[in-house]
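Everything on this sheet refers to the single structure shown next.
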Amino acid sequence: MIEYVIQAQNKFSLGLKELWHYRELFYFFTWRDVKVKYKQAALGVLWAILQPLIMMVMFTLIFSKALKVSSDGIPYPVFALSGLLIWNIFSNGLLNSANSMVTNANIIKKIYFPRLIIPMSAVLTALVDFFFALIVYALVLIYYHQNVIILKLIFYLPLGILITIITTFGLGTFLAALNVKFRDFQYMIPFMIQFLLFANPVLYSAKAFTNPWINALMKANPLSSAIQLCRSVFTGQEVDWLAVGTGSIVAILLLAIGIYTFRKTESYFADLA
Amino acid sequence: MKPILEVQHITKQFKIGAQQERYLSLRDLLANPFKKKKNVDQTFFALNDVNFDVYPGESIGIIGRNGAGKSTLLKILSKITPPSSGKIICRGRVASLLEVGTGFHPELSGRENIYMNGSILGMRKFEIDKHFEAIVDFSGIEQFLDTPLKRYSSGMQLRLAFAVAAFLEPEILIIDEVLAVGDAEFQKKCLGKMDEVSKSGRTVLFVSHNMETVLQLCDRCILLEKGTVKKNGTPSETIDYYLSNQKNQDEVIDLSNVIRTGSFDLKQNARFRSVKLDNIDNAPWQIKYKQTITLKFEIDVINDVQDLEIGIAISTISDFEIISSLSTDCKKIENLKKGTYSFDFVFPELTVLPGIYKIGIGLRSDKKMEDYLKEVGQFEILVSKSSSDEKANTRKGIIVPKNIINRS
């Protein structure tokens, strides 16, 4: 027989057992968000394909044609899209998850389930878009006759995605928890994301920097190494494994901080939301 | 036998100051990181040392006035909010229904919403699959299964929501007044289902304002008052105690210190100070059947107000509003300067059958809500034993119209 105690503040735990019990909710929340997202759009799910395509064209015009930014010797659209794939998981995932507790406040106030499911499935929703964008990418690769190194495709790309998801989970849960208490974050996050787009080597090459401090910062940046991993599949360039290592450590650290903050404050969400 | 739920010294307090401006802004924190926030010293006990045990198979009704702490108790039991102190030992799976249709999404179809709602309520997918036919059948929305929920009438949404909830199979089921809505036929269906649930040996906790439902469904009833357990006994015992206790109201109810709850943003330029019932029978707040009812209000005007409008709602004990009266229906109140004013509301033709009725009042000035009290008190209309109207006690309905028959 199940026996448990409800009291003021339990000791800190990850609640993995409970998460496992409610595992189907991950699916249902993600499924709902994906479904609802494109429900009343005439083009429907086609938007998931059009969005990265339009971004690619836009950035190619500005950065490659007008500003002549170097793209490590591969066609700029391929270059930009490889960065944008990773970037979109992060930016959409972060935006979704940071606002998720507020947008789902009516559910939180009426029913109990492990709260972590909400920001986490918000990130998974962004991942679904990523798979659609991957179709665009495949087409672009064919169009430019780009060589793909299959072995790298199997190992590097998933690793890059994994690092991105861990980073997004971490920052997303952290911001979701803070956003419940301080709604200021709702306004700050879009700026933050915009800034990070230009601070990450999404649209330009990581080699553009010569300043050693910035290079050190790039090594610690999990997104930067995720993008590098994703790109090396086509360029054949060697990956800076030191950067991947430090980036992964930072990503895991962010995840730990995010989940800790979230679990510490989640029991009061219903009172605050 | 061990209790399935042991509620021990549960206390929940809120900070009133913090609750009013509950979106903390970062600016405040950054500006005064060390300064203690103002107004936080005022605490309010939603629940204060609540203790009771529930045994397997019992169905328990929880009653009490608005603000007595019923909903807070249910929220703690269903783990939505933690208690400030005390603990609850649960020996079984809890499912709670504090609202019908939690997680319903207007863009999703009926079918999709069944799965979404079911899984939020804690059902596994295979359980939903298993009951799917029965859920659809119970809700009676078969034709609209693939229509988006936003095209449903509110009644259909409700039926669908209850249908999903009806197939939950937890050991302990917690329900908050979800039956207060829906048409009579559907309510009957829900009651039948709930009766079936409690008969099947599951434990049910049920919050209601509807005494009849409590009498019908529960084997024990707990009365909460101001966050404490006032009475814990058989339903008829507790309800009698509750109703008779309500009569012991002061002749003049002082409203100046009553905390205003409810979701309105109250300006409070004008406030109710007190309310009193005139022409009383032998006790305060009791009047004879077919007698004129006069409600006397005192209103404090703190800042000058324009176009003040007083609203009165009279409802039956089961929260069904039978009279919604506005002062502007009769005459306009001229602009009021700072001071205290009294107003009489006279209902000469308020011919309602004997029983207990509740009064709710509100104040509004040009488009702004000034004051609102959902339930200030209740009055009882009585028929004396020997009078010719004695059989009015056994009549059904609420309103007794006068002079409606003419010989033609």
Solvent-accessible area buried by B and A, counting both chains, probe 1.4 angstrom, square angstrom
4100
Shielding by partners - mean other protein chain Cβ count within 10 Å, residues of B:95-102:
3
Protection proxy ranking, peptides A:87-95, A:16-24, average beta carbon neighbours within 10 Å, highest first
A:87-95, A:16-24
For B:VAL204, the residues 5 or more places away or on another chain with a placed amide H closer than 5 Å to its own amide H are B:GLU58, B:SER59, B:ILE60, B:LEU173
Answer with one residue from A:VAL136, A:LEU67, A:MET120: the one whose Cα lies farthest towards the positive end of the charge dipole of the range A:63-162, charges on Cβ with Lys, Arg +1 and Asp, Glu -1.
A:MET120
Looking at the range B:308-408, which trypsin sites (Lys or Arg not before Pro) are in a loop (DSSP not H, G, I, E or B) and have at most 12 other Cβ atoms within 10 Å?
B:LYS331, B:LYS332, B:LYS337, B:LYS338, B:LYS367, B:LYS385, B:ARG395, B:LYS396, B:LYS402, B:ARG407
³J(HN,Hα) across the range B:57-67 via Karplus (A = 6.51, B = -1.76, C = 1.60, θ = phi - 60°), whole Hz, x for Gly/Pro?
x, 6, 10, 10, x, 10, 10, x, 5, 5, x
How big, in percent, is the set of alpha carbon pairs in the range A:1-99 lying more than 24 Å apart?
51
Classify the range B:5-245: rounded, prolate or oblate, from the alpha-carbon gyration tensor (a ≥ b ≥ c, eigenvalue square roots; a/c under 1.5 rounded; otherwise prolate if a/b is larger than b/c)?
oblate
For the pairs B:LYS188/B:LYS290; A:LYS11/B:LYS193; A:LYS110/B:LYS125; B:LYS193/B:LYS226; A:LYS11/B:LYS130, note any where the Cα-Cα span goes beyond 30 Å.
B:LYS188/B:LYS290; A:LYS11/B:LYS193; B:LYS193/B:LYS226; A:LYS11/B:LYS130
Residue by residue through the range B:190-207, what is 3J(HN,Hα) from phi via Karplus (6.51 cos²θ - 1.76 cosθ + 1.60, θ = phi - 60°)? Round to whole Hz and write x for glycine and proline.
5, 4, x, 5, 5, 4, 4, 4, 6, 5, 6, x, 7, 8, 10, 10, 9, 9
Which whole-number percent gives the relative contact order of the range B:5-245, counting Cα pairs below 8 Å spaced six or more residues apart?
28
Using Cα-only point scatterers and the Debye equation, what is log10 of I(q)/I(0) for the protein assembly as shown at each q in 0.12 Å⁻¹, rounded to two decimals?
-1.35
Over 27 Å (Cα to Cα) - which of A:LYS35/A:LYS264; A:LYS181/B:LYS267; B:LYS75/B:LYS396 fall in this group
A:LYS35/A:LYS264; B:LYS75/B:LYS396
Per the 1/(1 + (r/R0)^6) rule, R0 = 30 Å and r from the Cβ atoms of A:ALA66 and A:HIS145, FRET efficiency to 0.05 is 0.75
Using the membrane-span-like helix rule (whole DSSP H runs, Cα extent along the own axis of at least 15 Å, mean Kyte-Doolittle hydropathy at least -0.5), which helices of chain A qualify?
A:23-37, A:46-59, A:76-103, A:117-143, A:150-181, A:184-199, A:222-235, A:241-265
Would you tally the net charge around B:SER208, using a Cβ to Cβ cut-off of less than 12 Å, leaving B:SER208 out, and scoring K and R as +1, D and E as -1?
-3
For chain A, what does the helix formula give at 222 nm: sum of -39500 (n - 2.57) over DSSP H segments with n ≥ 4, over the residue count, nearest 500 deg cm²/dmol?
-23500 deg cm²/dmol
Please say if the range B:118-209 is rounded, prolate or oblate, where rounded means a/c under 1.5 for a ≥ b ≥ c the square roots of the C-alpha gyration tensor eigenvalues, and otherwise the choice is prolate for a/b larger than b/c and oblate otherwise?
oblate
Output the relative contact order of the range B:125-219, whole-number percent, from Cα pairs under 8 angstrom with separation of 6+ residues.
26
How much accessible surface does B:MET194 have with a 1.4 Å probe, in Å² rounded to 10?
20
Starting from 0.36 nm per residue, how many nanometres of slack lie between B:LYS396 and B:MET369 once their C-alpha separation is accounted for?
6.1 nm
Once you list every other residue whose beta carbon is under 14 Å from the beta carbon of B:SER318, what net charge do they have if Lys and Arg are +1 and Asp and Glu are -1?
-2
Part-to-part distance (alpha-carbon centres) for the range B:335-383 and the range A:1-41, which is given in Å:
46
Accessible area (Å², per residue) of chain B, counting only protein heavy atoms and a probe of 1.4 Å:
50
For chain A: relative contact order, % (alpha-carbon pairs under 8 angstrom, 6 or more apart)
27
Once label points are set 7 Å from the Cα along Cα→Cβ at both B:ASN335 and B:ASP219, what is their separation, rounded to one decimal in nm?
6.6
Share of carbon and sulfur in the accessible heavy-atom surface of the range B:252-394 [1.4 Å probe, %]:
48
Taking every other residue with Cβ under 13 Å from the Cβ of B:GLY69 and scoring Lys and Arg +1, Asp and Glu -1, one gets +3
Taking a 1.4 Å probe, which of A:TYR76, A:TYR27 shows the most accessible area, and what order do the others take after it?
A:TYR27, A:TYR76
Counting all C-alpha pairs of the range A:68-157, share separated by more than 16 Å (%)
64
Residues meeting the amide H criterion for A:VAL69 (H placed from the backbone, H to H distance under 5 Å, 5 or more places apart or on another chain) are A:SER64
So what J values fall out for the range B:109-116 if you push phi through Karplus, 6.51 cos²θ - 1.76 cosθ + 1.60 with θ = phi - 60°, rounded to Hz, Gly and Pro as x?
6, x, 4, 5, 5, 4, 5, 4
When every protein chain stays in place and a 1.4 Å probe is rolled, B:THR234, A:THR261, A:THR173 sorted by accessible area with the largest first are B:THR234, A:THR261, A:THR173
How tilted is helix B:125-139 with respect to the longest principal axis of chain B? Cα atoms for both, answer in degrees (0 to 90, nearest 10).
40
Length gain on complete extension for the stretch A:GLN40 to A:LEU253, per 0.36 nm per residue less the alpha carbon to alpha carbon distance?
72.8 nm
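The values are calculated or read from the model by the stated rules, or taken from the named source; none is laboratory data. Being a predicted model, the structure only gives us computed values, none of them experimental. In this analysis, Cβ positions are derived from the backbone assuming ideal geometry, glycine residues included, and neighbour counts consider all displayed protein chains. We work out accessible area using only protein heavy atoms, side chains counted, and drop any ligands, DNA or RNA first. Shrake-Rupley method; radii C 1.70, N 1.55, O 1.52, S 1.80 Å.
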